[in-house]
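In what follows, a structure is listed as structure tokens, so that the remarks can point back to it.
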Amino acid sequence: MILEIVKYGEPVLRQKGAKIENVTSEIKNLIADMFETMEANHGVGLAAQQIGRALQLTVIDVRAAQKDRPSTLEIDGQPAELDHLMPLVLINPMVKPAAEPVAGSEGCLSFPEIFGEITRPESVDVSALDAKGKPISFRCGGLLARAVQHETDHLNGILFIDRMERKVKAEIQEELDVLQAVTKEKLKKAKTKN
């Protein structure tokens, strides 16, 4: 089922996600819905907060962007094919920098048509649980590393605009203000209906 993606201004985007203790059938259904929602919106990652759920859960699939923005993957210190992990589910992820920071363009499904340069480590070490609740760990670089960091930020209530340099954010501030105002108006209307 395709879910609604919440937009900038929704309080849930600022909430730290609760840890997932067990991969229940409800969580499995949520994962399936999140992949469907991400694909329908042409995204490479989607965090639970973006569909209104404050959980430590994100889905990622960067394969479609591989030509333009390549990714690297290592498992147990050995290079691995992206297909080995994709589509990727990360539950309760822990991310550690494994290289120097580099700048790159980022967008976000909760910020339609808004993009900005963000500086993040070029590669990261990741440990998490997969869709079955089994531990996984890997090192990734390129777009996959950027997507993992972006989505993990979401799980902690951090948005990509929080990582922008002041000058970059100032350039898009008007768009951010409009998006936030539209979202707040929608929330107000929803409240008066109830």
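Tabulated data for the structure shown
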quantity: Filter pass, Phe111 being within 26 Å of Ala54 (Cα to Cα), free of Cβ contacts under 8 Å to residues at least 60 places away in the same chain and of a type in the set (A, V, I, L, M, F, W, C); calculated: no
quantity: Pairs where the first residue, in region 162-185, is at negative phi and the second is of a type in the set (Ser, Thr, Tyr) and not in a helix (DSSP H, G or I), C-beta under 7 Å, 6+ apart; calculated: Leu176/Tyr8; Leu179/Tyr8; Gln180/Tyr8; Thr183/Tyr8
quantity: Subset of region 132-144 [among the hydrophobic types (A, V, I, L, M, F, W, C) and under 16 Å from the mean Cα position of the chain (by Cα)]; calculated: Cys140, Leu143, Leu144
quantity: Residue check for Ser123: in contact with a strand residue (DSSP E or B) (Cβ under 8 Å, 6 or more places away or on another chain), of a type in the set (Gly, Ala, Ser) and at pLDDT 95 or above; calculated: yes
quantity: Any chance Glu21 is over 24 Å from Ser137 (Cα atoms), at pLDDT 95 or above and either touching a Leu at 6+ places or on another chain (Cβ under 6 Å) or assigned to a loop (DSSP other than H, G, I, E, B) (or both); calculated: no
quantity: Every residue from region 9-42 that is closer than 14 Å to His154 by Cβ, surrounded by fewer than 20 Cβ atoms within 10 Å (Cβ to Cβ) and touching a residue at least 40 places away in the same chain (Cβ under 8 Å); calculated: Glu10, Val12, Arg14, Gln15, Lys16
quantity: Enumeration of residues in region 43-52 that are part of a loop (DSSP other than H, G, I, E, B) and either crowded, with 18+ Cβ neighbours inside 10 Å or acidic (Asp, Glu) (or both); calculated: Gly43, Val44
quantity: Near pairs, Cβ below 9 angstrom, 6+ apart or cross-chain, from region 116-142 (among the aromatic types (Phe, Trp, Tyr)) to any residue that is part of a loop (DSSP other than H, G, I, E, B); calculated: Phe138/Asp76; Phe138/Ala80; Phe138/Leu85
quantity: Selected residue (criterion: farthest from Val95 (Cα to Cα)) from residues of region 134-143 that are surrounded by 14 or more Cβ atoms within 10 Å (Cβ to Cβ) and of a type in the set (Gly, Ala, Ser); calculated: Gly142
quantity: Residue count for region 61-116, restricted to those that are small (Gly, Ala, Ser) and assigned to a strand (DSSP E or B); calculated: 6
quantity: Considering residues of region 25-42 that are polar (S, T, N, Q) and assigned to a helix (DSSP H, G or I) only, the residue nearest to Arg69 (Cα to Cα); calculated: Thr37
quantity: Unique match (being buried (at least 16 other Cβ atoms within 10 Å of the Cβ), in contact with a Lys or Arg (Cβ under 8 Å, 6 or more places away or on another chain), of a type outside the set (A, V, I, L, M, F, W, C) and farther than 25 Å from Val6 by Cβ) among Ser123, Ser110; calculated: Ser123
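The values are calculated or read from the model by the stated rules, or taken from the named source; none is laboratory data. On a predicted model such as this, the values are computed, not experimentally measured, just so you know. Quick reminder, even Gly has a Cβ in these numbers, built from the backbone with ideal geometry, and neighbours come from all protein chains shown.
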